[in-house]
1. Residues in the stretch B:35-51 that are crowded, with 19+ Cβ neighbours inside 10 Å and within 9 Å of DNA strand D (Cβ to nearest atom): how many?
2. Can you name the number of the only condition in (1) surrounded by 18 or more Cβ atoms within 10 Å (Cβ to Cβ); (2) among the aromatic types (Phe, Trp, Tyr); (3) more than 17 Å from B:Cys167 (Cβ to Cβ) that A:Tyr143 fails?
3. Can you run down the residue pairs with Cβ atoms below 8 Å, 6 or more apart or on separate chains, where the first is in the stretch B:156-181 and under 12 Å from B:Ala198 (Cβ atoms) and the partner is of a type in the set (Lys, Arg)?
4. Considering only residues that are surrounded by fewer than 18 Cβ atoms within 10 Å (Cβ to Cβ) and under 18 Å from B:Asp139 (Cβ atoms), which ones fall in the stretch B:54-72?
5. Just for the stretch B:49-93: of the residues that are within 14 Å of chain A (Cβ to nearest Cβ) and of a type in the set (Asp, Glu), which one is nearest to DNA strand C (Cβ to nearest atom)?
6. Would you call A:Thr179 β-branched (Val, Ile, Thr), part of a loop (DSSP other than H, G, I, E, B) and buried (at least 20 other Cβ atoms within 10 Å of the Cβ)?
7. Considering only residues that are within 18 Å of A:Asp60 (Cα to Cα) and either in a loop (DSSP other than H, G, I, E, B) or within 14 Å of chain B (Cβ to nearest Cβ) (or both), which ones fall in the stretch A:35-48?
2 protein chains.
Amino acid sequence: MSVNKTEPRLDRRTAILDAAEEQFAKHGYDGVTLRAIARRAGVDLALPNYYFGPKRDLFDAVLFRRAEILNKARLDQLDQCLEESDQAPSVEAIIRAYLEPMLTGEQVEEEGWKNYYALIAYVNNSPEWGGQLMTQFFDPLVYRFMDALRLALPGIEDRDLYWGYHCLSGALTLTFAQTGRIDHLSGGSCRSSDLMDACEHMVQFTTAGFEAFRKQMTADKKGRPRKGPSARR
Amino acid sequence: MSVNKTEPRLDRRTAILDAAEEQFAKHGYDGVTLRAIARRAGVDLALPNYYFGPKRDLFDAVLFRRAEILNKARLDQLDQCLEESDQAPSVEAIIRAYLEPMLTGEQVEEEGWKNYYALIAYVNNSPEWGGQLMTQFFDPLVYRFMDALRLALPGIEDRDLYWGYHCLSGALTLTFAQTGRIDHLSGGSCRSSDLMDACEHMVQFTTAGFEAFRKQMTADKKGRPRKGPSARR
DNA sequence: TCCAAAATTCAACACTTGTTGAATAAATAG
DNA sequence: CTATTTATTCAACAAGTGTTGAATTTTGGA
């Protein structure tokens, strides 16, 4: 596990990114020191700064490294699902394209990717950087998926569409946070490490959620009044 | 806004809790210094330690302060919904009992409660404390709701039940994180500050999600094979 | 009024933080 | 080999961290 002196780590730049990825994912930005990263990477304290500049830039570099790969994997599956559908794609297929590349792809075996996903969960849930960073890396992807969902649910209102995405994103985020809470609550029935099981359940759950907005929509057309903010119980 | 010397803040203990609540919610545990808390509360640096001991104990005290009140509000609505239902309660009523006290109650007007909810979002999504702290404060509540859902969805498997709760909890958590991301993505159609709107959408979405597990369940009884972990696409 | 207890301030401690410039080693080109 | 760039180490910096003990003020009951 430790670095051998006779065979020094060739790419120390990568080692630093890996260590930072893991530490940031586990303890958050402020919970991590450059010394901890350097120790974990087996390099000198000054090296992270030499390669990446100040701490904040290292954080951005970690996020950036895998962003393109991830976005491409998800867009590929979305394109494929749109091609295969003769006319309107199914909601389920779109949601699968959104979830499966992260949860059941080959990447999930790699420890680095798990840490990366946990880091995204941290960022997505952070009031400080949630807006800025997620926008920077994932906005185009999200808009592509929203367009696809508009095809699957023609006439859906933007409000329903984006609140639906909000619920989906929240479930996915909590999955990646890997708090182990569901393992504890369920007494072992659910294992948060079983990402395939998590994926299947989230697909079912969120597909039904979006479909419910479709039904709501058709109900509106028939003249049934939409449940407004003032309608409590 | 600043503290007047002739009329000193009576309960500085509360002022410290309020300031800590806000700071921890916004920047996380490690992103906050005792000096920032003291400054925000308008008290001396040494005072937080005098009242609450070390930093970590102050953090716990903040979480503890409103936990009982919140749990009582949610349990009251759950009990009421269980009483009103002649036999089996509806899934929607149970989910409303889980969400509405936090999202449409009187508390939501108070800035302190908003901060508290954001703090819970932070804790629930944190791999470090997500398990320990959420368990400590909210396990009994969750089990009460799971029991109620078992009444509404008789025969539901634990795996489905807890993954459903996972999705619900994730959506709620992301709502409270208040990252403003949905405002940005939707171009103004959705406002994350409109918690009533958020509540109605989450109720609809997650109710349909749980109901989908019910349908899945009845389909199983009819002999249709359950989608297993190995069944991709 | 006087006094003990509680509340608050003050100053400082030992330690950790991110960052950097100079010194050294390794790699590479001429 | 030599010279030059690149990579890495080392030591130290100024600033900020949580915590604490002693001193001071305020409080409230006898």
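1. Going residue by residue through the stretch B:35-51, those that are crowded, with 19+ Cβ neighbours inside 10 Å are B:37-38, B:41, B:43, B:48.
Filter once more, so that each one left must be within 9 Å of DNA strand D (Cβ to nearest atom): B:37-38, B:48.
Residues that pass the stated criteria total 3.
2. With (1) surrounded by 18 or more Cβ atoms within 10 Å (Cβ to Cβ); (2) among the aromatic types (Phe, Trp, Tyr); (3) more than 17 Å from B:Cys167 (Cβ to Cβ) applied to A:Tyr143, the lone miss is (1).
3. From the stretch B:156-181, the pairs are B:Gln178/B:Lys114.
4. Within the stretch B:54-72, B:Asp60, B:Phe64, B:Ala67, B:Glu68, B:Ile69, B:Asn71, B:Lys72 meet the criteria.
5. B:Asp76
6. On the way: β-branched (Val, Ile, Thr): yes; part of a loop (DSSP other than H, G, I, E, B): yes; buried (at least 20 other Cβ atoms within 10 Å of the Cβ): yes.
So A:Thr179 fits the description; yes.
7. Answer for the stretch A:35-48, where residues must be within 18 Å of A:Asp60 (Cα to Cα) and either in a loop (DSSP other than H, G, I, E, B) or within 14 Å of chain B (Cβ to nearest Cβ) (or both): just A:Ala36.
Okay, residues lined up against (1) more than 7 Å from every other protein chain (Cβ to nearest Cβ); (2) under 21 Å from B:Gln132 (Cβ atoms):
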{"residue": "A:Phe145", "(1), (2)": "yes, no"}
{"residue": "A:Arg150", "(1), (2)": "yes, no"}
{"residue": "A:Ile156", "(1), (2)": "yes, no"}
{"residue": "A:Trp163", "(1), (2)": "no, no"}
{"residue": "A:Phe176", "(1), (2)": "yes, yes"}
{"residue": "A:Gly180", "(1), (2)": "no, yes"}
{"residue": "A:Met196", "(1), (2)": "no, no"}
{"residue": "A:Cys199", "(1), (2)": "yes, no"}
{"residue": "A:Phe205", "(1), (2)": "no, no"}
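The values are calculated or read from the model by the stated rules, or taken from the named source; none is laboratory data. Note that this is a predicted model, so its numbers are computed, not measured. Positions of Cβ are backbone-derived with ideal geometry, glycine not excepted, and every protein chain shown enters the neighbour counts.
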